[in-house]
Structure formats: structure tokens, C-alpha cells
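What follows is a set of notes on a single structure, which appears directly below.
Only the coordinates and a few stated rules stand behind these numbers; no lab work does. What you see is a predicted model, and the numbers here were worked out from it, not measured in a lab. Cβ coordinates were reconstructed from backbone atoms using ideal geometry, including for glycine residues, and neighbour counts include every protein chain displayed.
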There are 2 protein chains.
Amino acid sequence: MSAAFTLSLDAMGGDHAPQIVLRGAALARERYPNAHFLLFGDEAKLKPLLLADKALAACCTIHHTDQVITGDTKPSQAIRQGRQSSMWKAIEAVKNGEAAGVVSAGNTGALMAMAKLIMRALPGIDRPAICSLFPTRVGETVMLDLGANSQCDARNLVEFAVMGECFARCMLGLERPSVGLLNIGSEDGKGTGPLRDAAQVLRSSHLDMEFKGFVEGDDITKGTVDVVVTDGFTGNVALKTAEGTAKMFAEFLKTAIRSSWLAKFGMIFAKPVLSQVMARLDARRYNGALFVGLNGVVVKSHGGTDAVGFANAIGVAVDMISRDLNSRIAEELARIAAEQVQAEATEAVAEPAPQ
Amino acid sequence: MSAAFTLSLDAMGGDHAPQIVLRGAALARERYPNAHFLLFGDEAKLKPLLLADKALAACCTIHHTDQVITGDTKPSQAIRQGRQSSMWKAIEAVKNGEAAGVVSAGNTGALMAMAKLIMRALPGIDRPAICSLFPTRVGETVMLDLGANSQCDARNLVEFAVMGECFARCMLGLERPSVGLLNIGSEDGKGTGPLRDAAQVLRSSHLDMEFKGFVEGDDITKGTVDVVVTDGFTGNVALKTAEGTAKMFAEFLKTAIRSSWLAKFGMIFAKPVLSQVMARLDARRYNGALFVGLNGVVVKSHGGTDAVGFANAIGVAVDMISRDLNSRIAEELARIAAEQVQAEATEAVAEPAPQ
């Protein structure tokens, strides 16, 4: 993004805050020299860190907050008692127009609850969702919901599909992304009621979506569709299972190589390409999940990430702002609503009420 | 198993039946020289295959069946119209005492529906489940349900926990396996109602279980608990997501190595240990999911597996028979029921009804 822009950062959120947040901002500053950061957090902790990095200090403004939302704070408690927290104030800055978006590595549930309360959902959206990119064998796939809504009805899933499709257009530059509903079989009768109902709606013509029907767990990494839609419970389990499996694979490899003198020798030659593979699957590269469906840009960084990961989460926020995702979603929802009205009117004319 | 035993095989089930089934049986025969196989399927196809393998023929009996249950047959249709099928007849052989267990690589839903109808569930079990081992960073974990029941209530999840614990004792030789409920957070308030209710029951003392509470997707491969309990929808998605991720990782590695002359040279030295890693994560090694909670041993092989994978599925059936898993589950259920009655009686004495 070439124009100047301001982001608000929850400087106290995450396992290694505020250090990692500031080091992440320092990395992001190199990539986005026009960025300005509002740092919400404990001034006594933030000031010394900025004193040590003059270049970063030049593009940051500290807003002192006393309160911190911890990882074990319940969302309901956070919105009742956390209004003086770094998280609340950072979101409020977006609502007040002081920042174009917010990034936090803090408590996911609290962040979503606060964002919904402060920013409100986009008109026509019942439930915002957590959305992120996933590496696949052929590129990248958008997946949502990754944990905001444990139980979803058909309407929620359809909204996720619309938002995920807009996200894929923005982030992957696809003209007509394909969409699939995550299920345990591709046959029509499979899965739960909400899934079957959502599939029926997504097949209807007024949505004008490249809907490919049901996909299964292994289709995520196959890249069968550009957008994988699921409820937040299943999506969260799938995401963490995939992360765990990749980590196990990497660990097995490292242990095996360390165990053999010959393998260690061979690795001198093979290491550059192995490092490429590790980089391609690096969780930090995919750090930064967007809360879609809100009246503002909110990006959640993994709580345990490092500076590189946090900088990537800032990158996601910058992309969303510069590509104006939220306006695109709002336009798409308005188009669908208009076409639905049109379709219903046509139907009414074709089949006049019995006299 | 040193004593002679008979298994029935659905010779027509799976993508590459009957060839793979017979080649799998041939491999299993080498491991279990006392095995006898009842082959249910099309005699015209089976006979030539046995003619080509005299050693296998000596331990097989063909039972001709005309009908085949295809992959797209709905379970309800299979049990109404499939009573002359190789699958039905193979299960019936167990019910009739002609075989100690059955292995099929056919349609999972049809196999479960038929097995429930023919064998019935164990007394005290509401819903049988699909159970399998999973590789972890520290060993192996038992996971269930992997797809038999899309939606589960608390009672189902508790039964899965009891059956999974027995399975872990049998298969992993653990005295007191630890059990976790798959959720999207480890805090008490997380997840769906059935999960929270099941956790409360599993914590109660009369179950006498090493219950560790909620675990998350990445805990599966971490090996945080010995038994991961979940509903069939989530379990199926998690299993397939993990398989897909491991395949993607392996493919990225292969492609990267092929792309570099230096890496190919290095691989000459590193290959033996890499092959070890691949073998450790080989899906065929974990082939063979047990249908737990039935009045008989039913093992489902992956439909697309090869002879090695099918032989491993036969191995799972042999283990279950020789370790008498079903009796252990029945005993455990009886013990729990007795302790519950005892606990209720003690409670009634301690708190007499108001007069």
C-alpha cells in the first residue's frame, strides 16, 4: 500500500507481548514504510522498547492502557469488565476512525466478542467468522470458520460461503473462486441437516457461485476448491490437526536425520531444498486470521507466534484494507439480496396466486 | 495367534477387489499360518486367482455370492436390497459362528448398517463407533468415532470413551490409558452441550477413568492422551485432514528433491532414514479400523488400499479376536453399571428422603 495508513495494535496480547508485537511492527515497518501504528498497552513497558528502536518509534504512538485481557478470560467477562483493556481500546480506535484496522495476538474469543460489540456485524451478516489461508498441494485455499461459531445453521454456512468467496477474490486474485462445504462424504445425503440445507441454497442460481458441493478433510490440502466452508468447531479441529500433523512430520524428519551420520552428510547437499519445503509449510507464513463479516478490519495473530509471524498478521490487515474486502462483501450481499427479490418477483408473475 | 482361527473376507469390497483382497490374504497367511479365510464373492473371479496361488488356496474356502455393494449404495438401500451380497454374507458368517471376525474394504456406511442389523450392538452400547490407531510424536493414540455417527449426544461420547479405553488397553498394552474429549479449547466452558455433559460424566468417580478433560486438534499428534474421543463427523474430518496434510508434506519433499541435482546427490546418503520416516507415517500401517461396540469383530479396510494395507486390516481383526476386546468391553460396562448402582445406593443412604 503506497498511501499512508494507520493500524492499531493490541500491544499486550499474546504469549510474548509486548516484545513480539513491537518486533513484529518493526519488521512490518520495513515492508510498509507508510504505516503508522497506534500501540495500546502499558506505557512503562512500551516506552523502553521504543527507545531502543528509533526507526520504529518514529512511526508509533503509545496509548496507555492499564488493563490486560488474559488468555483464560471468558469472552462474556472480557466485554463486561475489560473496557479499559489494550484489546478494547485498540478495537475502539478502528470504530472511531483513528485506525484502518486492528491486529491482536490476544484471546480469540474475547477479541471476537469485543469486535462484534464495538464494530457490529456487516448488514446482512448474522455471525462473523474466522477466516484464513491454508497451504495446499496446488497453491492456497481459503477456509472458514476456524473457531468463532461452534454450532452453525444453514444461513451461517451460506454467509460464510459468500464471505469466503469475496476473500478468495481479494487475497488469491481469482475471478470465480470455487466453493465447497466440508462434509464426511461427497454424496448428497451425507452429513448434518444444516450442511444439506446450506448445499441446497448454495446451488440455487441467484447466488451465482461456483459451488462444487461437499468436500472432505483430505480435499483441504488437495486444493479441490478455493474456499472450504465449515462450522467453527470442525474448522478449528481441522486447522489444529493439520498444524499438528505437519509439526509431527517435521519432527520425525529432524530426529531421523540427526540419528544417522550418513544422513547428516547427505543433508549438507539436500538442506537448501528441504528448507524451501519447511518455509512453504511454515505456520508463521499463514499467521493472521481475518475476522470476516465485521464493520472493520480485525486480524487475529497466533498467540505464540514470533516477530515474523506477527509481521505477517499485520500484512493480512494491510491487504484487507488496501483491497477493501469489507466493501466487496457488502456489495456482494446487496447483489444477492437484489437478485433474490428479482427472482421472487419473477416467480410471482409466472405463477399468479389462485383466484 | 497360535491357535487356528477363521476369518470371513468380503472379497468384493474396495476399489481393487477382489485382487487386493486375495493378495492381502496371501500376505496375512505368511504372518498367521493358522488362519483360514472364508472368501465371499464371485466364484468366477475368485477361482482363477486362487489357482494362481496354491498356498493361499489351501487356506481359503470360496462362498459364491452374486451381489456386490457398490461405493455409492446408501446404507438403507444396502440393508433392504443387499442380503445376497458378499458383504452381508461375510458378516452373517460371524453371526453364525463360522468365522471369528470379518474384514471388508467396501462401503463403510453399508458395512456398519449391516453389522448393526446382523450382529447387534453389545448390551449397554447405544451406538457402535469406528475406532483406529493414529501415529503421534510419542507413539500411538486411539481415536474414535471416525465416521459412524455424525451427531452424538453425551451418552454416545461416554460410551466411546469406555470402548476406546478398552481398545487402548488391548492394542497398546497400557494399564491405565488416559482419555481426552476433542474440543476447540481446554477450558471448561468450551464447545457444544454434549461435550460439556460428557466431560461431567467422565469426571465422575464411578467410571474410574484417567480422564484428562478437553484436548484440541494438535493434541492428537502430540500424543497428549492415549484415547481421543469425538463425534463421527469431527473425527472423520480430522482423520482425513491429517492424512491429506501428511501426503502434502511428502509430495512437497519429493518434488523439492527432484528439482535439485545437489539434493538428489545428498539423498543417496539420507534416503534410508527418510524411508524410515515415510514408513512410520505410512497410511497402510494404520489401515484397518475396528467397528467397536458390536457383538462381533468387524474391521473396515480403506477402500483404496493395496495388499500390504489389506493384510494389516486382517492383522487388526486377528489382534481383536486374540485379545478378546469385546468381552473386555462388556466386562467394563458391567463393572461401571454395578458401581453406579452402588454409588446411587450409598447416596440414598447418606441423604434419606425428607419425611
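Worth pointing out:
- When each of A:Lys254/B:Lys254; B:Lys116/B:Lys190; B:Lys45/B:Lys74 is checked by Cα-Cα distance, pairs over 21 Å: B:Lys116/B:Lys190; B:Lys45/B:Lys74
- When only Cα pairs below 8 angstrom with a gap of at least 6 residues are kept, segment A:217-355 shows a relative contact order of 13 percent.
- Its Cα centre serving as origin, chain A has a Cβ charge dipole (Lys and Arg +1, Asp and Glu -1) of approximately 1460 debye.
- Cα-based shape type of chain A, given that a ≥ b ≥ c are square roots of the gyration tensor eigenvalues and the cut on a/c is 1.5: oblate
- Segment A:51-91 and segment B:182-200: distance between their alpha carbon centers, rounded to Å: 29 Å
- Taking every DSSP helix (H) stretch of at least 4 residues in chain A, weighting each as -39,500 (n - 2.57) and dividing the sum by the residue count yields a mean residue ellipticity at 222 nm of -16500 deg cm²/dmol.
- Comparing Cα centroids, segment B:110-176 and segment A:254-327 end up 36 angstrom apart.
- Across peptide B:228-239, the average count of Cβ atoms from other chains found within 10 Å of a residue's Cβ is 5.
- Compared with the dominant Cα axis of chain B, that is its longest principal axis, helix B:261-281 is turned about 50°.
- Projecting the Cα atoms of A:Leu253, A:Gln200, A:Leu239 onto the charge dipole of segment A:126-286 (Cβ charges, centred on the Cα centre) puts A:Leu253 farthest toward the positive pole.
- Candidates A:Pro177, A:Pro33, A:Pro128, ranked by Gaussian network fluctuation over chain A, Cα under 10 Å, top entry: A:Pro33
- Other residues with beta-carbon under 9 Å from the beta-carbon of B:Arg196 carry, at +1 per Lys or Arg and -1 per Asp or Glu, a net charge of -1.
- Spacing of the modelled spin labels on B:Ala52 and B:Asn34, each 7 Å from Cα toward Cβ, amounts to 3.1 nm.
- Using a 7 Å projection from Cα along Cα-to-Cβ, the label point at A:Lys47 is separated from the same position in the remaining copies by 9.5 nm, smallest value first.
- Here segment B:95-193 is assigned +1 on the Cβ of each Lys and Arg and -1 on the Cβ of each Asp and Glu. Its dipole about the Cα centre then comes out at about 200 debye.
- Helix B:108-119 and the long axis of chain B differ in direction by around 70°, with both axes built from C-alpha atoms.
- Per-residue average of Cβ from other chains inside 10 Å of A:185-194: 3
- Beta bridge orientation in the protein assembly as shown: antiparallel %, DSSP, nearest 5: 25 percent
- Extension gain from B:Arg120 to B:Ala283, taking 0.36 nm per residue of separation minus the Cα-Cα distance: 55.7 nm
- Relative contact order of chain B, pairs being alpha-carbon contacts under 8 Å that are 6 or more residues apart, as %: 21 percent
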